[in-house]
Amino acid sequence: MTSNSGFWNPEKIASRAEQAQQRIADEQAAQEQGFLSAVGPAMVGIINGYMAQNRRAETAQVEQDFRQAFPNAGPGDFRQSVDTLKQAGVLYEMLGAPGLMGQRTTSLFVLSNPWG
């Protein structure tokens, strides 16, 4: 049995592997889009609330507001949200000047609002 037209054909194996990788990439993109549509508008709203009061949206304070808005969020969900929104070009995180004992704060700014 030396036929290469069957299930174990190297070309077919490579094709199936490529299709599987594409499905995984598509699924991850769909999950990220769903995540952005759920958390993104809330995060932008929180930050814009500070801007409307002419106040900086300090990351620590925004995190507290995020935890109130999403009480079931896990320990790393806020940071993941910020990082995902930064990668999407929605948020910018600015490092503040050194404060007490060299500690620095960060502030969040909205660069674009794809939700309106």
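The values are calculated or read from the model by the stated rules, or taken from the named source; none is laboratory data. What you are looking at is a predicted structure, and each value in this text was computed from that prediction instead of being measured. Neighbour counts are summed over all protein chains in view; Cβ atoms, including those assigned to glycine, are modelled from backbone coordinates with ideal geometry. Please note that ligands, DNA and RNA were not included when accessible areas were found on the heavy atoms of the full protein model with its side chains. Shrake-Rupley method; radii C 1.70, N 1.55, O 1.52, S 1.80 Å.
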Subject >> Matching residues in segment 81-102 - criterion: being assigned to a strand (DSSP E or B), over 15 Å from Gln61 (Cβ atoms) and modelled with pLDDT of 90 or more >> reply: Tyr92, Leu95
Subject >> Checking Gly6 against (1) free of Cβ contacts under 8 Å to residues at least 24 places away in the same chain; (2) surrounded by 10 or more Cβ atoms within 10 Å (Cβ to Cβ), the condition it does not meet >> reply: (2)
**OP:** Could you check how many residues of segment 38-58 are under 16 Å from Ser107 (Cα atoms), open to solvent by less than 80 Å² (accessible area, probe 1.4 Å) and not aliphatic (A, V, I, L, M)?
**Re:** 4
Subject >> Condition met for Gln61 (open to solvent by less than 80 Å² (accessible area, probe 1.4 Å), over 18 Å from the mean Cα position of the chain (by Cα) and over 22 Å from Ala29 (Cα atoms)) >> reply: yes
**OP:** Considering only segment 89-111, state which residues are under 16 Å from Gly40 (Cα atoms) and open to solvent by 50 Å² or more (accessible area, probe 1.4 Å).
**Re:** Tyr92, Phe109, Leu111
Subject >> Selection count, segment 72-116, where residues are on the phi > 0 side of the Ramachandran plot and of a type outside the set (A, V, I, L, M, F, W, C) >> reply: 3
Subject >> Residue among Ala14, Ala57, Ala29 that is out of contact with any Lys or Arg (no Cβ under 9 Å at 6 or more places or on another chain), small (Gly, Ala, Ser) and at pLDDT 85 or above >> reply: Ala57
